[in-house]
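For reference, the structure is listed below as structure tokens.
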Amino acid sequence: MEKGRIYVWEIPLRLAHWTIVLTMIVLAVTGFYIGTPFILTKGEAYSNFLMGGMRFAHFTAAFFLAVAFILRVYWFIMGNKYARFTGLFPVSRDQLKGMWDQFRYYTFISNKRPHYVGHNPIAGFTYVGIYFLIFLQGLTGLALYGEIHPGGLWWTLFSWLFAIAPNNVLRLVHHLLMWIFIAFFLVHLYLGVLNDILERSGILSSMVTGYKNFGGRE
């Protein structure tokens with residue numbers, strides 16, 4: 001395994017990562033409010049713009065998330081060996097073996113902790129799945145948004161989804177995906193902190209600086 005201070009995460013990847021994190025927090029809070037308003041306002045609805053503000057924040061965050069998503073997909077192709085699709089999705093025999101070794105470690109079958117400079121195979125495979133779910137979330141969101149303006153651009157582009165599933169099903173999928181992302185965020189944060197403690201590679205700070213440190217405590 002490589003030793004020393006290694007530049008792993010390039011600027012476009014880190015920019016996309018933190019944009020996705022921040023926008024999904026905004027989307028979760030505003031989306032939950034849109035579905036279940038939890039802040040009471042006084043007076044008539046026309047004298048308050050809280051729901052309108054929440055919807056505007058939701059749509060704006062969704063736009064920035066879409067830009068970050070496109071950047072990350074682009075970096076699947078143009079990034080370094082740690083950021084490319086082949087660095088995440090297990091396609092080689094070694095990666096498949098590494099996935100099995102990582103699974104045995106995660107399930108406490110083995111106490112031998114595999115070491116990787118980039119993503120471990122299970123994490124990489126999970127991230128590919130998360131990006132697919134973000135894409136699905138975007139599709140359902142744009143379809144529901146287009147429904148507000150029949151005949152508009154978004155309705156023209158995404159109304160075909162209503163031929164697959166009715167409005168209530170698309171809303172349910174959109175809502176359930178939010179909870180999947182919340183659960184992923186909590187597990188992702190926990191594993192990041194745990195790996196930082198065990199490996200001392202600076203996995204958390206590497207998403208700010210781009211560098212990870214190797215050769216410390218085993």
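The values are calculated or read from the model by the stated rules, or taken from the named source; none is laboratory data. Since this is a predicted model, take the numbers as computed values, not measurements. All Cβ positions, even for glycine, are placed from backbone atoms using ideal geometry, and neighbour counts span all protein chains on display. When the accessible area is computed, the model is the full protein with side chains, heavy atoms only, and any ligands, DNA or RNA have been set aside. Shrake-Rupley method; radii C 1.70, N 1.55, O 1.52, S 1.80 Å.
Using a cutoff of 8 angstrom between alpha carbon atoms and counting only pairs six or more residues apart, the relative contact order for the range 87-214 works out to 16 percent. Placing +1 on the Cβ of every Lys and Arg and -1 on the Cβ of every Asp and Glu, with no other charges, gives the range 1-155 a dipole of roughly 680 debye about its Cα centre. With all protein chains kept in place, the per residue accessible area of the range 156-218 amounts to 63 square angstrom at a probe of 1.4 angstrom.
Relative to the longest principal axis of the Cα atoms of the chain, the long axis of helix 93-106 lies at roughly 80 degrees. To the nearest ten degrees, helix 121-146 and the longest principal axis of the Cα atoms of the chain are 10 degrees apart. Over the chain, what percent of the accessible surface lies on carbon and sulfur atoms, probe 1.4 Å? So the carbon and sulfur contribution to the accessible surface is 72 percent.
Given [x] 159; [y] 120; [z] 142, which label gives volume of the Cα convex hull per residue in Å³ as computed from the coordinates? Checked against the structure: label [x].
Helix 50-78 and the long axis of the chain differ in direction by around 40°, with both axes built from C-alpha atoms.
Where does the chain land at 222 nm, in deg cm²/dmol rounded to the nearest 500, when only DSSP H runs of n ≥ 4 count, each adding -39500 (n - 2.57), divided by all residues?
Helices in the chain give a 222 nm mean residue ellipticity of -22000 deg cm²/dmol.
Choose one answer from K112, K97, K42: the residue with the largest mean-square fluctuation in a GNM of the chain with alpha-carbon springs under 10 Å. Evaluated over the chain, the most mobile residue of the options is K42.
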